[in-house]
1. Could you run through region 3-12 and say how many residues are outside any strand (DSSP E or B) and open to solvent by less than 80 Å² (accessible area, probe 1.4 Å)?
2. Is it true that some residue in region 18-32 is at pLDDT 75 or above and either touching a helix residue (DSSP H, G or I) at 6+ places or on another chain (Cβ under 8 Å) or among the basic types (Lys, Arg) (or both)?
3. Taking ILE39 as the residue in question, decide whether it is open to solvent by 80 Å² or more (accessible area, probe 1.4 Å) and modelled with pLDDT of 90 or more.
4. If you take the residues of region 52-91 that are in a loop (DSSP other than H, G, I, E, B), modelled with pLDDT of 90 or more and closer than 24 Å to ILE8 by Cα, which of them is nearest to the chain's Cα centre (by Cα)?
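The values are calculated or read from the model by the stated rules, or taken from the named source; none is laboratory data. All of these numbers come straight from a predicted model, not from anything done at the bench. Here the Cβ is made from the backbone with ideal geometry for all residues, glycine too, and neighbour counts use every protein chain on show. Please note that ligands, DNA and RNA were not included when accessible areas were found on the heavy atoms of the full protein model with its side chains. Shrake-Rupley method; radii C 1.70, N 1.55, O 1.52, S 1.80 Å.
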Amino acid sequence: MNELVAAIDFGTTYSGYAFSLLSDYKENPLKITIYYKWIGNVSKTSVKNASCILLDQDQKLIAFGSEAENRYNDLVEDSKEDDTDDKIYES
């Protein structure tokens, strides 16, 4: 079993994470793994993702991060076209 140390940054605007395996740390203490390309964030590459979640009426997760922002924007645009507000849920 390989141990690891993980760091999670929950920011008000963006969030990110990084980790290092103990075996990697012993070889090179500066070897840190980060995820730098987020799904739905194709216009820019970043080590962080938007701190947004999109939930359905039952409070189940629909999307996280940039994907949540994009899907919410689509819902807003769709509701404007339909001239109804029943697609957007507020709590």
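1. Just the residues of region 3-12 that are outside any strand (DSSP E or B), to begin with: 3, 11-12.
The next check asks that each one be open to solvent by less than 80 Å² (accessible area, probe 1.4 Å); those that pass are 11.
Of the residues in region 3-12, 1 are outside any strand (DSSP E or B) and open to solvent by less than 80 Å² (accessible area, probe 1.4 Å).
2. Here is the first cut: in region 18-32, the residues at pLDDT 75 or above are 18-32.
Those still in the list that are either touching a helix residue (DSSP H, G or I) at 6+ places or on another chain (Cβ under 8 Å) or among the basic types (Lys, Arg) (or both) too: 26, 31.
Within region 18-32, one or more residues are at pLDDT 75 or above and either touching a helix residue (DSSP H, G or I) at 6+ places or on another chain (Cβ under 8 Å) or among the basic types (Lys, Arg) (or both).
3. no
4. Going residue by residue through region 52-91, those that are in a loop (DSSP other than H, G, I, E, B) are 52, 56-60, 65, 83-91.
From what's left, modelled with pLDDT of 90 or more: 52, 56-60.
Those left that are additionally closer than 24 Å to ILE8 by Cα: 52, 59-60.
Working: CYS52: 7, GLN59: 17, LYS60: 15 Å.
The selected residue is CYS52.
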